Amino acid sequence: MASKADVGFIGLGRMGGPMARNLAQAGHAVHVFDVDPAAIAKAAAVSGITVHVAPGEVAGRVDALLTALPNNEIVTETYLGRHGILAGGRAGLITCDCSTVSPEVSQKIHAEATGRGITHLDTPMLGSSPQAENGEVFFMVGGDPDALRVVQPMLDIIGRLTMHVGASGMGNRIKLLHNALGAVNAVAVAESSRVVLQSDLNGDGFIAGAGETITWRLASGILRRDAGGGAQPIVNGVRVFTLTYLDATGVVTSTSSAVRSVRIELATEPTRTAAPPSADIVSTLATTVRLRNR
């Protein structure tokens, strides 16, 4: 693929928006779509970006297309819907889904795409907004390695490292395990922080010592990805993992149970007014992290 080929980008949120902009600033003509008018307006102001009215319209204009979307349902509809990517894409199109979704969603899209002569790669990311802004995302890729070599020049613009990890779905399997690693560390630090704050222990000493541990760094890193702190980044980090791995394998440990309760209580009941116990634990962690980072 030519270094200045037309590229599609669907999903212009805090990750996708900067990535699409970086591609345009590198000289690519970028064709975009998003359901959020504000995101569309921001993208349209960037030289080299052209806005379209549907995912399928974007797919019909490019030979490579990236998506960065919130969840299984939106990714599935964006690819397989009536006006979706596969409906509008031409044979030979390569799609890279940078979203964190279940491996089964990636494999379903891959199978449907293959039947249309389209190659689908699951390309989940390690990193957050600062890495997206600076072009330092780490991509883990599942799917055809030959297709990856074709789109590698574009991934090099928006990321610092790309690793091929296996067949379709394997990128997301590894990403979910990374999310789980951060989440269980966050819960462990939350529990310890709560004990300190509810006892006569020296809180400053605990925070100073904890700050030197890898567990603290993993946990506080999750919270710092969200400008407002709080529990929601942890919920996002384990949402798909708990649904996919813990439910499918039946693996239950004390820590995974705590993580699961955070997901169930916060992700499925976001409007409840009384915070459940696990929400209180994570809120304590958020407070402790903010104290350390003052």
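Restricting attention to region 7-167, close to 10% of DSSP beta bridges with both partner residues there are antiparallel.
For region 7-167, rounded, prolate or oblate, judged on the Cα gyration tensor with a ≥ b ≥ c (square roots of eigenvalues), a/c < 1.5 rounded, else prolate if a/b > b/c? Judged from the Cα gyration tensor, region 7-167 comes out rounded (a/c under 1.5).
A simple packing score, the average count of other Cβ atoms within 10 Å per residue, orders the peptides 116-128, 45-57 as 116-128, 45-57, with the highest score first. Dividing the mean sequence gap of close Cα pairs (under 8 Å, 6+ apart) by how many residues region 1-115 holds gives a relative contact order of 25 percent.
When each of the peptides 76-88, 95-107 is scored by the mean number of other C-beta atoms lying within 10 Å of its residues, the order from highest to lowest reads 95-107, 76-88. Counting only residues at least eight positions apart within a chain, or on another chain, the lysines with an alpha carbon under 24 Å from that of Lys175 are Lys108. Sorting the segments 10-21, 139-150, 61-72 by their residues' average number of neighbouring beta-carbon atoms within 10 angstrom, most packed first, yields 10-21, 61-72, 139-150.
Each value in this text was obtained by applying a stated rule to the coordinates, not by laboratory testing. Computed from a predicted model, the values in this text were never measured in an experiment. Don't worry about glycine lacking a Cβ; one is built from the backbone with ideal geometry, like all the others, and counts go over all protein chains shown.
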